[in-house]
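Bear in mind these aren't lab numbers, they're just calculated from the coordinates by the rules spelled out. Bear in mind the structure is a predicted one, so any value in this text is a computation, not a measurement. Cβ coordinates were reconstructed from backbone atoms using ideal geometry, including for glycine residues, and neighbour counts include every protein chain displayed.
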Amino acid sequence: MTPEEILQGLYDQTLVGNAPAVLDLTNAGLDAGMAPETLLFDALIPSLEEVGARFERGDFFVPEMLIAGRAMAGALERLRPLLAETGVATLGTFVMGTVKGDVHDIGKNLVNIMLEGAGFHVIDLGVQVSPEKFIEAIRTYKPDIVGFSAFLTTTMPMFKANINALVKAGLRDQVIVMVGGAPVTQEYADAVGADGYAADASAAVKKAKDLMQRRRVMAAT
Amino acid sequence: MHTVVRSASRTVVIGPDQPFCVIGERLNPTGRRIFQDQLRAGDLSRIELDVAEQVAGGAMMLDVNMGVPLLDEADLLSRVVRLVQGMTDLPLCIDSSVVEALDAGLAAYEGKALVNSVTAEDDRLAAILPLVKRYGAAVVALPNDEEEIPEDPARRLELARKIVDVATGRYGIPAEDIVIDPLAMPVGADTSLVTKTLETISMIRDELGVNMTLGASNVSFGMPHRHALGAAFLPMAMHAGLTSAIMDARTPQIVDAVKAADLLLGNDEWGANWISMFRARQAG
């Protein structure tokens, strides 16, 4: 296979969520001497972007998004140590979790997939994540962004509780806070003092990139 | 076992030998941005249309949820309960996870309501069951606790049993006023989830014998052609022992599947309901 064929194959097989084929093609690419970042940026990420675009248009459905994400994750697991060696920086580290009292995770998982697909390193803490667990994870992983997900109007107040806990732990200035979930609005995100809100997975990626960019600009000035 | 709910002038009986209780899900702002904006602006006009559509579609009860971020849910829910009771005599399911809102909704309600919902978490049981007892209501109970929504049907049964034990033993709420929600999960997230729900339903029927309801639309979340999935799921769940669902009552394909299953499962004597539904449509 030529490098072009490998890239095309990776793109096509990620799109249809064929995890074994994606891993095989990733290995084939590496064996052929292709750079890990080429496989990532010229095939995997564009493919997942297309998956996200189709999902937003209503042409793709939840299972298709999940299997594409899983196929990508398998390749990333193989590539991540190599990318670290070659010094290719991730877009940023993102700690994500559904807040305490809330067990909904589909929306959060879709956002994770899109973030990974865009080049973020995502650490998913799962559901029912207490403020203490968020604090601990922020100390351990030193993420650029922390994301709080809530699906219920009754668990949304945990955003504020989490942010208060960040302030108390002296971490609020070190991490960008994003919030989201079905009942959440921009107005609510502003009211609890979050840095960012997005209505869907694609918008979340865009917002995360914008916030990272803004922070870099602010750090430089 | 029969769960009896009432408005001021109408009684509905939920039970395994009764026609399946269709609870309309539509009076709920979650995921409805325009409706949310209207409610924020104090505009309740949409509710009349939602009630009318669900009544026309064949709803036997209506679920009322008024959870809008940054709004006083207790105040809104009590006003909407009064408003809806002025529009229809169907009994209502008072739906909130805010205890104060449930209290206000129940205070405003005329009749015997169904409260939605309590879980197996100790603090939720302690907060909500006294309300249920005080207002003489029935209650929907979800078998999840502080730790998890269990996937394993045996674990769900165990938590359902805990709720029934606490409600009957500690609060004196009769078992027939407890309606367990066996937890409907999206088949799009994992294709083994619905069989687990079906298994949970038959275990609860066999072991506890209580009535059950669930949010049927969850099953088709994220999938195309949702109506067909709802229409396939509900008859299977009914056969397993489900006696009610909070569901889309506006879509004939889904409601027809439920009415057909009522007839086929022996809960529509001589097909009287089925035939009168046909005649009503012929006349319309």
Checklist outcome for this item: Filtering the range A:72-100 for residues that are crowded, with 19+ Cβ neighbours inside 10 Å and either outside any helix (DSSP H, G or I) or on the phi > 0 side of the Ramachandran plot (or both) leaves a count of 8
Checklist outcome for this item: Exception for B:Ser78 within (1) more than 14 Å from chain A (Cβ to nearest Cβ); (2) surrounded by fewer than 23 Cβ atoms within 10 Å (Cβ to Cβ); (3) within 17 Å of A:Asp102 (Cα to Cα); (4) small (Gly, Ala, Ser) falls at (3)
Next on the checklist: Quick check on my filter: what residues within the range A:26-40 are without any contact (Cβ under 8 Å) to a residue 40 or more places away in the chain and of a type in the set (A, V, I, L, M, F, W, C)?
Outcome noted: A:Ala28, A:Ala32, A:Met34
Checklist entry - Considering only residues of the range B:99-120 that are within 14 Å of chain A (Cβ to nearest Cβ) and surrounded by fewer than 19 Cβ atoms within 10 Å (Cβ to Cβ), which is nearest to B:Pro174 (Cα to Cα)? => result B:Val99
Checklist entry - For the range B:121-141, does any single residue satisfy the condition of being more than 13 Å from chain A (Cβ to nearest Cβ) and touching a Cys at 6+ places or on another chain (Cβ under 8 Å)? => result yes
Checklist entry - Out of all the residues in the range A:202-218, is one or more outside any loop (DSSP other than H, G, I, E, B) and in contact with a Lys or Arg (Cβ under 7 Å, 6 or more places away or on another chain)? => result no
Item to check | Criterion (surrounded by 19 or more Cβ atoms within 10 Å (Cβ to Cβ) and within 12 Å of chain B (Cβ to nearest Cβ)) met by exactly one of A:Val179, A:Val129, A:Val122, A:Val205 | outcome: A:Val179
Item to check | Matching residues in the range A:111-133 - criterion: being in a helix (DSSP H, G or I) and under 27 Å from B:Glu121 (Cβ atoms) | outcome: A:Val111, A:Asn112, A:Pro131, A:Glu132, A:Lys133
Checklist entry - Which members of the range B:163-195 meet the condition of being farther than 25 Å from B:Asp63 by Cα, among the charged types (D, E, K, R) and away from chain A (no Cβ under 14 Å)? => result B:Asp165, B:Arg170
Checklist entry - Considering only the range B:224-253, how many residues are basic (Lys, Arg) and within 14 Å of chain A (Cβ to nearest Cβ)? => result 1
Checklist entry - Being in contact (Cβ under 8 Å) with a residue 24 or more places away in the chain and in contact with a Pro (Cβ under 7 Å, 6 or more places away or on another chain), is that true of even one residue in the range A:194-217? => result no
Item to check | Per-region count, the range A:5-20, residues surrounded by fewer than 19 Cβ atoms within 10 Å (Cβ to Cβ) and within 12 Å of A:Ile67 (Cβ to Cβ) | outcome: 4
Next on the checklist: Looking only at the range B:106-160, how many residues end up being among the β-branched types (Val, Ile, Thr) and over 25 Å from B:Leu76 (Cβ atoms)?
Outcome noted: 1
Checklist entry - When you scan the range A:146-170, how many residues do you find that are at the interface with chain B (Cβ under 10 Å from one of its Cβ atoms) and assigned to a helix (DSSP H, G or I)? => result 1
Checklist entry - Going by the structure shown, is A:Pro63 surrounded by fewer than 19 Cβ atoms within 10 Å (Cβ to Cβ), under 17 Å from the mean Cα position of the chain (by Cα) and either assigned to a helix (DSSP H, G or I) or within 14 Å of chain B (Cβ to nearest Cβ) (or both)? => result no
Checklist outcome for this item: Taking the range B:158-178 and keeping only residues that are closer than 11 Å to B:Lys133 by Cβ and in contact (Cβ under 8 Å) with a residue 24 or more places away in the chain, one is left with B:Ala167, B:Arg170, B:Tyr171, B:Gly172, B:Ile173, B:Asp177
